[in-house]
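Here the structure comes first, spelled out in structure tokens, and everything after it is commentary.
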Amino acid sequence: MSGTRVRNSATFCTTTGQMVEPQWLRTLGGQEFVAQTAGKLRSRIDDRLRTLLDTDEYAPPQLLSAMSHALLGGGKRFRPLIFVMMVSREDCLDASIDIGCAVEMVHTASLILDDLPCMDDAELRRDKPTTHKVFGQATAILAAISLLTLGIRVLSTVHGLGDGARARMTAILSHAVGHTGLAAGQEIDLRGVSGTSLDVEQKNWLKTGRLFAAMAEMASILSQRSVRQQASLTEFASHLGSAFQALDDLMDVVATKNALGKDTGKDIDRETMVTKSGEAVTRRTYIDYLHAANLALPHCGVEEELIRFMLRSIHGLVPSEIHRNPVTELVDR
Ligand code: IPE
Ligand code: IPE
Ligand code: MG
Ligand code: MG
Ligand code: MG
């Protein structure tokens with residue numbers, strides 16, 4: 001296979017012997033202020049997404065409704081929240097919210113396509129019927145294209161940035177979602193990783209990790225970080241992206257449709273970390289990646305507690321019965 005220059009995913013050892021569920025990940029108590037800050041930020045992101053979708057120009061109502069169905073009123077908003085937190089600068093707040101919204105639009109477009117009958121054939125997304133179930137496949141595809149291009153337009157016209165910075169960020173985001181990034185990962189997901197030189201972790205990196213790394217690069221441009229902080233932020237985001245997809249693959253098997261607000265059991269015939277290595281290894285790998293992300297945090301020049309709150313919040317999605325007894329885990333290891 002030509003052109004398989006993909007990041008080497010084995011950037012840290014997953015069998016370090018550390019506690020499987022580190023202490024920092026277990027405690028969510030005493031976080032009221034941080035939770036309120038994240039909650040307010042989430043409302044601002046939701047409001048801004050609504051505003052950015054609004055247009056004075058003519059748009060077919062059906063197409064606009066499909067875009068709004070997919071984008072508004074659901075989703076964890078994990079990417080825009082983490083993006084604003086990675087920028088971590090009050091004087092760049094408006095610009096960072098807009099860029100976070102651009103990423104959320106691109107991500108939502110990928111979800112609409114991911115749910116199509118020719119891909120995962122899903123019925124439920126963000127607690128609602130999938131876009132193609134409500135509007136038909138043709139309109140769903142057009143809504144995905146429209147959200148993808150709107151995201152790129154929002155990024156390339158964001159206020160408070162020089163032309164050079166905007167152009168660099170636009171190149172970074174579009175590079176992360178195309179044929180050498182997210183779309184590549186999705187293609188490999190459909191065709192299987194066998195027969196390529198890529199393993200499941202590299203596929204996950206393309207599907208999901210690469211967009212997180214792109215967010216770190218854009219956040220570094222916006223917040224003008226030092227070279228060392230930039231490297232740490234990219235390391236943090238790459239580990240987080242890998243944790244995120246490993247968690248998602250685990251949840252496909254262990255969580256319920258109701259709890260996730262989307263279909264489960266869709267990966268049974270796919271080559272995922274769970275189908276190749278089992279639930280226990282996937283869970284361990286996910287926590288190790290999350291822990292590696294946490295270890296990179298103090299070197300990023302960001303508000304650490306806010307980001308840790310977000311890491312704990314995704315960890316909280318894991319059903320309690322598989323937040324296993326630490327004694328069993330130690331034996332497992
Ligand atoms: C789901 O992403 C698809 C993956 C890349 C794992 P999210 O879990 O962030 O989905 P939403 O945005 O909350 O719906
Ligand atoms: C899709 O992965 C990741 C994308 C890049 C869209 P999944 O197919 O596992 O995502 P979910 O589980 O449907 O959200
Ligand atoms: Mg999929
Ligand atoms: Mg899917
Ligand atoms: Mg999934």
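The values are calculated or read from the model by the stated rules, or taken from the named source; none is laboratory data. None of these values were measured; they are calculated from a predicted model. Ideal geometry is used to build each Cβ from the backbone, glycine not excepted, and the neighbour counts take in all protein chains shown.
Among the residues of segment 55-79, those identified as of a type outside the set (A, V, I, L, M, F, W, C) and near ligand 1 (Cβ under 10 Å from one of its atoms) are GLY74, GLY75, LYS76, ARG77, ARG79.
Within segment 274-293, identify whether any single residue is outside any helix (DSSP H, G or I), within 16 Å of ligand 4 (Cβ to nearest atom) and of a type outside the set (Gly, Ala, Ser), and answer yes or no. Taking every residue of segment 274-293 in turn, none turns out to be outside any helix (DSSP H, G or I), within 16 Å of ligand 4 (Cβ to nearest atom) and of a type outside the set (Gly, Ala, Ser).
Residues of segment 177-211 being of a type in the set (Asp, Glu) and either surrounded by fewer than 20 Cβ atoms within 10 Å (Cβ to Cβ) or assigned to a loop (DSSP other than H, G, I, E, B) (or both), which ones? Result: GLU187, ASP199. Under the condition of being surrounded by fewer than 16 Cβ atoms within 10 Å (Cβ to Cβ) and within 14 Å of ligand 2 (Cβ to nearest atom), the residues counted in segment 64-73 number 0. Taking the stated definitions as given, is MET215 within 15 Å of ligand 2 (Cβ to nearest atom), farther than 21 Å from ASP115 by Cβ and at pLDDT 95 or above? Yes; evaluated as a whole, the condition is true for this residue. Against the test of being within 16 Å of ligand 4 (Cβ to nearest atom) and either in contact (Cβ under 8 Å) with a residue 12 or more places away in the chain or within 15 Å of the chain's Cα centre (by Cα) (or both), the options ILE152, ILE188, ILE172 yield a single qualifying residue, ILE188.
Considering each residue of segment 212-221 in turn, at least one proves to be more than 19 Å from the chain's Cα centre (by Cα), over 21 Å from THR180 (Cα atoms) and in a helix (DSSP H, G or I). For the structure I just gave you, tell me whether ILE99 is crowded, with 18+ Cβ neighbours inside 10 Å, in contact (Cβ under 8 Å) with a residue 40 or more places away in the chain, more than 16 Å from ligand 1 (Cβ to nearest atom) and under 16 Å from the mean Cα position of the chain (by Cα). Yes, satisfied.
Yes/no matrix, rows are residues, columns are (1) more than 24 Å from PHE309 (Cα to Cα); (2) within 14 Å of ligand 5 (Cβ to nearest atom); (3) at pLDDT 95 or above:
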| residue | (1), (2), (3) |
| --- | --- |
| GLY261 | no, yes, yes |
| THR264 | yes, yes, yes |
| ASP267 | yes, yes, no |
| ARG270 | yes, yes, no |
| MET273 | yes, yes, no |
| SER277 | yes, no, no |
| VAL281 | yes, no, no |
| THR285 | no, no, no |
| ASN294 | no, no, yes |
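The single condition among (1) of a type outside the set (Asp, Glu); (2) within 16 Å of ligand 3 (Cβ to nearest atom); (3) more than 27 Å from GLN36 (Cβ to Cβ) that ARG284 does not meet is (2). One residue stands out in segment 96-143 among those that are assigned to a helix (DSSP H, G or I) and of a type in the set (Gly, Ala, Ser): the one that is farthest from ligand 2 (Cβ to nearest atom), namely SER96.
Considering only segment 246-259, I want to know if a residue exists there that is within 10 Å of ligand 5 (Cβ to nearest atom), hydrophobic (A, V, I, L, M, F, W, C), under 15 Å from ALA293 (Cα atoms) and touching a residue at least 40 places away in the same chain (Cβ under 8 Å). Yes, there is a match, as at least one residue in segment 246-259 is within 10 Å of ligand 5 (Cβ to nearest atom), hydrophobic (A, V, I, L, M, F, W, C), under 15 Å from ALA293 (Cα atoms) and touching a residue at least 40 places away in the same chain (Cβ under 8 Å). For THR131, the conditions (1) of a type in the set (S, T, N, Q); (2) farther than 22 Å from ILE97 by Cα; (3) modelled with pLDDT of 95 or more; (4) out of contact with any Ser or Thr (no Cβ under 9 Å at 6 or more places or on another chain) are fulfilled apart from (4).
Selection over segment 224-245 of residues that are away from ligand 5 (no atom under 16 Å from the Cβ) and outside any loop (DSSP other than H, G, I, E, B) gives a count of 14.
Scanning segment 37-61 for residues that are among the polar types (S, T, N, Q) and loosely packed, with under 13 Cβ neighbours inside 10 Å yields SER43, THR51, THR55. Residues in segment 58-79 that are part of a helix (DSSP H, G or I) and aliphatic (A, V, I, L, M) were compared, and the one that is farthest from ligand 4 (Cβ to nearest atom) is LEU64.
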